[in-house]
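The values are calculated or read from the model by the stated rules, or taken from the named source; none is laboratory data. Keep in mind the model is a prediction, meaning the values are calculated, not measured. Note: ideal-geometry Cβ built from the backbone for every residue, glycine included; neighbour counts use all protein chains shown.
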Amino acid sequence: MKQSPLRLAVLGLTHDHVWSNLAELRRVKGARLVAAADPHAPLRTRAKRELDCTPYADARALLERERPDAVLIFSDNAAHVPLTEFAAAHGAHVFVEKPLAADLRGAERMLAAVKRAKVRLMVNWPVAWWPQLQHAVALAKSGEIGDVWQVKYRAAHAGPREMGCSRHFSEWLYDARRNGGGAFIDYCCYGAMLARAMLGRPTRVTGVAERLLKRDLRTEDNGLLAMHYPHALALAEASWTQIGHLTSYFTFIYGTTGTLLVEPGDTGRLLRATAKEPDGKAVKVPRPAAHLRSASAHFIHGLKTGAPFHLLCDPTIGRDTQEILEAGIRSARKRASVTLKK
């Protein structure tokens, strides 16, 4: 019997990633967007015009009237929590843009809500759909470079406003309450997630969060996060002041028998260095299955088939990433390392 298309709604339109994700969703079979909720009238107008869906000013009203099968949340990080709780209480599965929340308490509330409602939760990390990163993670997890002893990721640009982020997006990125911090939470989250996925929970973290150049901000514009393990280290770097793209969004995975360098973007290369080829050589990257080519395709596939979400999008990984980030922020404030609870 042919399955009916899943009815989806989007809650929150202030995250600029929403527009590219919903454009992808329109190309995915088996689902259709029926409604969008956001308190900002210009964003609702755009959603109605570009997405041909019913606009709502209030998320609760949307959930009560439309009863969607699943929701995509693209609000500020703090609002992820009540929106997830509302959606789960209405029986809707949840897709949320990274990071999971603004803080650990919020992340744990979200996990409790979906568990209580017996619905699913997926955390979308844009880098998760790079074929070369998927392959690098698979190689490293299968032991192809021996035991992994270090993971490093740098995320950097000149700043949200400088990069052309919309007013609605920039407003909350620069708001520590709504974002969870500044550059540290926005960009150290990627390295923290990759470290958690590759190495597990660290025993101790050391964070540095500084406002180096943008004196008009109330948040940090640069951050470093070191994650300590019994036999490994990981490093996440974040900047809202970097000029140019050199070094940005590269992933490095170091093992006892090899090193992987993952170039950024959909068409970036994967390079592997070994003792025999110390300067590195490009690795052939297989074309991902259809459900691993975009966040929307993966979410719909998981809901339709019951298959687990990709490791990087697992909500437990998202929760632990939040724990690591929060410990890093405490460390930066204390100017001392913080030990994670076992």
Among residues of region 246-278 being out of contact with any strand residue (DSSP E or B) (no Cβ under 7 Å at 6 or more places or on another chain) and either farther than 17 Å from residue 132 by Cβ or not assigned by TED's automatic domain parsing to the domain that holds residue 153 (or both), the residue surrounded by the most Cβ atoms within 10 Å (Cβ to Cβ) is 274
The one condition residue 119 fails out of (1) surrounded by fewer than 16 Cβ atoms within 10 Å (Cβ to Cβ); (2) touching a His at 6+ places or on another chain (Cβ under 8 Å) is (1)
Residue hits (region 28-47; closer than 23 Å to residue 299 by Cα, out of contact with any Lys or Arg (no Cβ under 8 Å at 6 or more places or on another chain) and surrounded by fewer than 19 Cβ atoms within 10 Å (Cβ to Cβ)) are 29
Expected output for region 289-304 (first residue of a type in the set (Lys, Arg), partner assigned to a helix (DSSP H, G or I) and crowded, with 22+ Cβ neighbours inside 10 Å, Cβ below 9 Å, 6+ apart or cross-chain) is 293/129
Checked region 184-235 for anything buried (at least 18 other Cβ atoms within 10 Å of the Cβ), of a type in the set (S, T, N, Q) and within 19 Å of residue 104 (Cα to Cα); matches are 206, 219
Filter region 258-283 for residues that are farther than 20 Å from residue 191 by Cβ and among the polar types (S, T, N, Q); the one that is farthest from the chain's Cα centre (by Cα) is 274
Of the residues in region 301-328, those that are buried (at least 23 other Cβ atoms within 10 Å of the Cβ), among the small types (Gly, Ala, Ser) and within 14 Å of residue 122 (Cα to Cα) come to 318
| said: Within region 119-137, does at least one residue satisfy the condition of being of a type in the set (Val, Ile, Thr), at pLDDT 95 or above and more than 28 Å from residue 84 (Cβ to Cβ)? | reply: no
| field | Residue in region 141-162 that is surrounded by 24 or more Cβ atoms within 10 Å (Cβ to Cβ), within 17 Å of residue 101 (Cα to Cα) and not aliphatic (A, V, I, L, M) present | value | no
Of 136, 101, the only residue that is in the same structural domain as residue 268 (by TED's automatic domain parsing), among the hydrophobic types (A, V, I, L, M, F, W, C) and buried (at least 23 other Cβ atoms within 10 Å of the Cβ) is 136
Every listed condition ((1) on the phi < 0 side of the Ramachandran plot; (2) surrounded by fewer than 16 Cβ atoms within 10 Å (Cβ to Cβ); (3) touching a residue at least 12 places away in the same chain (Cβ under 8 Å)) holds for residue 241 save (2)
